[in-house]
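**Student:** The structure under discussion is supplied below as structure tokens; questions concerning it will follow.
The values are calculated or read from the model by the stated rules, or taken from the named source; none is laboratory data. This structure is a prediction, so every number in the text was calculated from the model and none was measured. Backbone-built Cβ (ideal geometry, glycine too); neighbour counts: all protein chains shown.
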Amino acid sequence: PNSKVLLNCLFTAKSDPFRSETESVDPIIINILQKVLFKGQSLDSSLDSSLNSRNRLSDEQLKTVKIRVTGVCENSLQLKEKLKGIVEGNPFIKKHGLEGEYGLSSDLEKNPLIQLYHVKCLLALFM
């Protein structure tokens with residue numbers, strides 16, 4: 001590797017020029033949604049407990065988290081039906097048994113990984 005590039009990365013303390021310097025809100029949103037949709041926690045308490053521990057989030061990031069989490073929770077039935085229709089309408093997914101990759105599986109309630117996929121898909125549909 002080019003030593004000048006490596007030294008430049010070390011001295012600028014930014015190893016990935018494509019990664020945002022601000023914290024991503026997506027993992028926060030996904031964790032809150034999993035708590036609300038699968039662990040029975042209330043929306044308000046999940047938002048409060050998750051956001052109170054995040055001192056580094058800007059006001060804009062806090063607003064984004066609240067809008068997306070609230071939007072998915074309030075529209076979860078419609079989003080779930082839409083997701084089901086999309087997955088069932090795609091013969092490739094059914095042919096290769098990939099329903100779980102889209103968060104639709106018979107063990108959805110027991111499998112945290114399938115729940116993660118499910119929440120990600122609902123969030124994507126909402127956005």
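Table: residues versus (1) charged (D, E, K, R); (2) in contact with a strand residue (DSSP E or B) (Cβ under 8 Å, 6 or more places away or on another chain); (3) crowded, with 17+ Cβ neighbours inside 10 Å.
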site	(1), (2), (3)
Lys63	yes, no, no
Val69	no, no, yes
Ile86	no, no, no
Asn90	no, no, no
Ser105	no, no, yes
Pro112	no, no, no
His118	no, no, yes
Ala124	no, no, no
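**Student:** Can I ask one more? Here is a check on your reading of the model: is Asp44 within 30 Å of Ser76 (Cα to Cα), at pLDDT below 90 and either under 22 Å from the mean Cα position of the chain (by Cα) or outside any loop (DSSP other than H, G, I, E, B) (or both)? Reasoning before the result, please.
**Tutor:** Details: within 30 Å of Ser76 (Cα to Cα): yes; at pLDDT below 90: no; either under 22 Å from the mean Cα position of the chain (by Cα) or outside any loop (DSSP other than H, G, I, E, B) (or both): yes.
No; evaluated as a whole, the condition is false for this residue.
**Student:** Taking the options Ile114, Ile93, name whichever one is farther than 24 Å from Gly40 by Cα and either part of a helix (DSSP H, G or I) or within 15 Å of the chain's Cα centre (by Cα) (or both). Can you show your working first?
**Tutor:** Working: Ile114 fails: farther than 24 Å from Gly40 by Cα.
That would be Ile93, the only listed residue that is farther than 24 Å from Gly40 by Cα and either part of a helix (DSSP H, G or I) or within 15 Å of the chain's Cα centre (by Cα) (or both).
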